[in-house]
Amino acid sequence: MKSFDGKKAEALLASLGEEITVKRAYPLSQCSTFRIGGEAALAVWPRTEGALCRLLSLCRENGWYHTVIGNGSNVLFDDAGFDGAVLFTSALADITFDGTAVTASCGVPVTRLAAVAAEKGLAGLSFAYGIPGTVGGAVYMNAGAYGGEIGNAVESVFYYDGRTGETGSYTAGECRFGYRGSAFQEEDKTVLAATLRLKEGDPAAIREEMEDCMRSRKEKQPLEYPSAGSVFRRCPGYYTGKLIEDAGLKGTAVGGAQVSLKHAGFIVNRGNATAADVRELISTVRETVKSRYGLTLECEVRYIPATPAKKEL
Ligand SMILES: Cc1cc2nc3c(=O)[nH]c(=O)nc-3n(C[C@H](O)[C@H](O)[C@H](O)COP(=O)(O)OP(=O)(O)OC[C@H]3O[C@@H](n4cnc5c(N)ncnc54)[C@H](O)[C@@H]3O)c2cc1C
């Protein structure tokens, strides 16, 4: 495949002027909670939803390899970086309320959204308080915790369709939310914004529920190390972390990557882990769990390959 020409792409992006920030050879390790990844040929931060759409159209028209990233809290970037354009949504941070409905741009951190909603006496997002993702990433993943899932609150999602180059919207049903899954994982659609339907509640009680969730995270999760949260999906009928622990894998390390001593469902970066370390450790965990229990662990973390060649974790 022809290598991506970052210089030429940057020149084409100049038409977007002040609406975007562009950086070449940008270290992806700075943009993932794993703190892992080589350089992106091009990293772009659109400031408006319109600019994100125009960027996506440019990628589409020019056949550029590209990906959209929120907070990078559920991704493993490759050590070779990304030979294309990485579009970051962190500058898209609008939140508007209309009664018990709230519409948030894709780059809004869900923890912030939960906090702002709570201040207004709107309940339904306490479970998300502490999830280090954005609205776009949470909708894509159907992020959930403590019995809640973002999909349960979604009323509609406004998207850009990479197949047609048009924008459109999905009802909650059309989003096909399932356990850590949504239609967005199967279709070439970028989440631009989501409208969530919340419930009226007592701000102090909501705050307390949120703090309970945060306390539990701090107690159980190895937040002192970079990670991407739980690496594997839930194995029906089992606690995946417990399975990994019972298989004797707690503390197992490859290079700088280690199965967390605090929560075996997490792989942590002990300082200088590479994506290759993490991938090898994932293989070790899977093979051991398979041979011991006959169970196949599936990855929740999304691997972002350096080139379009399809490589799954
Ligand atoms: C310490 C820690 C704790 C965590 N706890 C939880 C938890 O309790 N529950 C849980 O579900 N997850 C948890 N996670 C994982 C992660 O935070 C969630 O999956 C989160 O929803 C990812 O959001 P993000 O913005 O970081 O997405 P990213 O990591 O940036 O992206 C994830 C995927 O979504 C895609 N994506 C991002 N934005 C968009 C968009 N606008 N449109 C289309 N696709 C998009 C990306 O291309 C990628 O494939 C945890 C992670 C960490 C590090």
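Among the residues of the stretch 123-145, those identified as aromatic (Phe, Trp, Tyr) and more than 7 Å from the ligand (Cβ to nearest atom) are Phe127, Tyr129.
Can you spot a residue in the stretch 231-249 that is near the ligand (Cβ under 10 Å from one of its atoms) and aromatic (Phe, Trp, Tyr)? No. Filtered by the rule that a residue be closer than 17 Å to Val157 by Cβ and near the ligand (Cβ under 9 Å from one of its atoms), the stretch 106-122 gives Cys106, Gly107, Val110. Scanning the stretch 31-52 for residues that are more than 11 Å from the ligand (Cβ to nearest atom), within 20 Å of Glu19 (Cβ to Cβ) and touching a residue at least 60 places away in the same chain (Cβ under 8 Å) yields a total of 0.
Taking strands (runs of 3 or more DSSP E) as the structural unit, those lying wholly within the stretch 53-104 and holding at least 1 residues that are more than 15 Å from the ligand (Cβ to nearest atom) and either within 22 Å of Ser169 (Cβ to Cβ) or open to solvent by 20 Å² or more (accessible area, probe 1.4 Å) (or both) correspond to 82-88, 95-98. The condition of being open to solvent by 60 Å² or more (accessible area, probe 1.4 Å) and in contact with a Ser or Thr (Cβ under 8 Å, 6 or more places away or on another chain) holds for only one of Lys262, Lys220, Lys290, Lys242, that being Lys290. Can you work out which of the residues in the stretch 18-45 that are open to solvent by 40 Å² or more (accessible area, probe 1.4 Å) and part of a helix (DSSP H, G or I) is nearest to Asp79 (Cα to Cα)? Taking the candidates together, the pick is Gln30. Looking across the stretch 77-98, the residues that are closer than 20 Å to Val139 by Cβ and not β-branched (Val, Ile, Thr) come down to Leu87, Phe88, Ser90, Ala91, Leu92, Ala93, Asp94, Phe97, Asp98.
Considering Ala194, Ala172, the condition of being surrounded by fewer than 20 Cβ atoms within 10 Å (Cβ to Cβ), closer than 30 Å to Glu61 by Cα, of a type outside the set (Lys, Arg) and under 20 Å from the mean Cα position of the chain (by Cα) is satisfied by Ala172 alone.
The values are calculated or read from the model by the stated rules, or taken from the named source; none is laboratory data. Keep in mind that what you see is a predicted model, and the values were worked out from it rather than measured. Every residue, glycine as well, gets a Cβ built from its backbone with ideal geometry; the counts of neighbours run over all protein chains shown. Keep in mind that these areas ignore ligands, DNA and RNA; they rest on the heavy atoms of the full protein, side chains included. Shrake-Rupley method; radii C 1.70, N 1.55, O 1.52, S 1.80 Å.
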